[in-house]
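Shown next, in structure tokens, is the structure this report addresses.
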Amino acid sequence: MTTRFYDFKVQTMRITKLCESKDIITINKMFPGPVVYAQEDDRVIVNVTNETPHNITIHWHGVRQRLSCWYDGPAYITQCPIQGGQSFTYEFSLGQQKGTLFWHAHTSWLRATVYGAIVVHPKTGVPYPFKYPNEEHIVILGEHWVRDVVPMEKEVLASGGGPPPADAFLINGHPGPNYNCSTNDVYKIHVIHGKTYLLRIINAALNMEHFFAIANHKLTIVEADAEYTKPFTVDRLMIAPGQTMNVLVTADQSNGRYSMAMGAYMSARNITFQSIPAIAYFQYTNAAVNSFTKSAKLPSFKDDLAVKTVMDGLRSLNPVAVPLEIDKNLFFTIGLNVQKCKSHQPSKNCKATHGGVLAASMNNISFVMPNISLLHAYYNKINGYFSEDFPGVPLNSYDYVNGAPNNIPNDTQSLIGTRAKVLDYGSRVQLILQDTGTVSTENHPIHLHGYSFYVVGYGSGNYNPQTVKLNLVDPPYMNTVGVPVGGWAAIRFVADNPGVWFMHCHLEIHTSWGLSMAFIVKNGKGEMETLPHPPNDAPKC
Ligand code: C2O
């Protein structure tokens, strides 16, 4: 076990993209931010000093934070934000986790620019389950707005409408030649014919899911959310914000230049939508200077089938420990709704978290961020900031056990509130996530903090326990699942990590609208089942 130290200085940096200059928030004036490299079993210590006036926190997305909930990072859930001039040191162990994950800001919409990769190599001497490639590269997908994202969030919430689409998609911070003034703002991977490359693909985008493809080259997925998968070869993949995938690519084409493209997956049926793909180059080093460029073909933005193909192919490589018996059977609706309340005041009758029109909820509760950390309130038994009555089934009493067909789940009767669902230590949980599609049918990448979970099933329409067949043999072990458009996903996990764990849609606008909730996992009996004391330097609200 090695301890890896990192110094993260939160700093502003001036960048020019699409002919426009702006200041963005970064870590160490790097965009994307610094890579955290470690090895399985290592301890990671990151000292974050905030040199900007913006409140910030950093979340280690996908790191399970076993017995270290205090360092998970979501603002107002496990900690108060680090204010300008303050610092906070994150400390956690990786345990047996290895693979590609990422870190990002977890306050307002700052993760639009504050993100970077986490690369955890296997222990020395432990081989990869595939022939180790000649080289590895990190490929982070992002979204860029010419405007500042922090005021944009406030305006979008006040306006009642949806967020403006990104002005550009980015691959490792570069939009590529499809955009204005961006002919030279292109990321390139130089490759040699016959060699194999491992791409660590991370979707760090804010508000949209994406397709990714390389012209004329196959992608073999070998890992998803930092867990090995059975190798699965595709022409293109869909990766949702919050997901990471390792793919192998063999440079087996004639010398030339091949585009790597990132385009939108929207899945909403009833809209027309246009976006420009970001382009990077997979460039053979021996290609003549003016040799051809082959363009990658992306699916149409509403190609649900292309998404299903990728989901169907994700299977755990190794034997899995999926719980076969269930102690807690939960059913959560997720979706957007049109709120009727114009008040900012929390009240039982108000159906919104903000002054706009669109809202979102889980089980008819539109989540309201408290103004202290939930973990702090829970740990110190401070009353008045949250309640422990998050419903285990939708409030509109959909009978999911019998699949009551006349009472389909919906989000039209949502309340606002800061409610948590309490789980006993060690309980084996099955959670059905049902997209209700009341306002628009939209795919929701649902991310759970503090855990990975087995994705044991998914499908279109309403979940029906009578007909469904779950995969209890080789389900993928993920931290973010794209719940299909107007469909459902079933996940299982064992609640063996005490603390307060946020669960939310990784499309940031949906979290802002309230598509989130928190689990409280109680302590067990032993020392290794108990959340330790809070850190001394924890920021105050
Ligand atoms: Cu990557 Cu709560 O998020």
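The values are calculated or read from the model by the stated rules, or taken from the named source; none is laboratory data. All values reported here derive from a predicted model rather than from experimental measurement. All Cβ positions, even for glycine, are placed from backbone atoms using ideal geometry, and neighbour counts span all protein chains on display.
Does Gly95 satisfy the condition of being free of Cβ contacts under 8 Å to residues at least 60 places away in the same chain, over 27 Å from Tyr385 (Cα atoms) and not aliphatic (A, V, I, L, M)? For Gly95, the condition - free of Cβ contacts under 8 Å to residues at least 60 places away in the same chain, over 27 Å from Tyr385 (Cα atoms) and not aliphatic (A, V, I, L, M) - is met.
Give the number of residues within the stretch 464-490 that are charged (D, E, K, R) and touching a residue at least 24 places away in the same chain (Cβ under 8 Å).
Of the residues in the stretch 464-490, 1 are charged (D, E, K, R) and touching a residue at least 24 places away in the same chain (Cβ under 8 Å).
Just one of the listed residues (Val119, Val139, Val114) is of a type in the set (A, V, I, L, M) and more than 22 Å from Met208 (Cβ to Cβ), namely Val119.
Is it the case that Thr511 is assigned to a helix (DSSP H, G or I) and either modelled with pLDDT of 95 or more or hydroxyl-bearing (Ser, Thr, Tyr) (or both)? In short, yes. Screening Ser93 on (1) among the small types (Gly, Ala, Ser); (2) closer than 21 Å to Asn203 by Cα; (3) in contact with a Lys or Arg (Cβ under 8 Å, 6 or more places away or on another chain) shows it passes everything except condition (2). Would you confirm, using the coordinates I've provided, whether Asp167 is over 20 Å from Met30 (Cα atoms), surrounded by 16 or more Cβ atoms within 10 Å (Cβ to Cβ) and at pLDDT 95 or above? Yes. Just wondering, is there one or more residues in the stretch 202-213 that are more than 25 Å from Thr113 (Cβ to Cβ) and surrounded by fewer than 21 Cβ atoms within 10 Å (Cβ to Cβ)? No, that holds for no residue. Only one of the listed residues (Gly417, Gly437, Gly459, Gly426) is free of Cβ contacts under 8 Å to residues at least 60 places away in the same chain and either touching a Gly at 6+ places or on another chain (Cβ under 6 Å) or away from the ligand (no atom under 16 Å from the Cβ) (or both). That residue is Gly459.
Scanning the stretch 236-271 for residues that are surrounded by fewer than 21 Cβ atoms within 10 Å (Cβ to Cβ) and within 16 Å of the ligand (Cβ to nearest atom) yields no hits at all.
So which strands (runs of 3 or more DSSP E) are wholly in the stretch 217-314 and hold at least 2 residues that are without any contact (Cβ under 8 Å) to a residue 24 or more places away in the chain and under 24 Å from His104 (Cβ atoms)?
Output list is empty.
Scanning the stretch 444-501 for residues that are at pLDDT 95 or above, of a type in the set (S, T, N, Q) and within 15 Å of Leu431 (Cα to Cα) turns up Ser452, Asn471, Asn479, Thr480.
Answer yes or no as to whether Pro175 is over 17 Å from Ala280 (Cβ atoms), touching a residue at least 24 places away in the same chain (Cβ under 8 Å) and surrounded by 24 or more Cβ atoms within 10 Å (Cβ to Cβ). No: the conditions fail for Pro175. Does His61 satisfy the criteria of being within 12 Å of the ligand (Cβ to nearest atom) and without any contact (Cβ under 8 Å) to a residue 60 or more places away in the chain? It is false that His61 is within 12 Å of the ligand (Cβ to nearest atom) and without any contact (Cβ under 8 Å) to a residue 60 or more places away in the chain.
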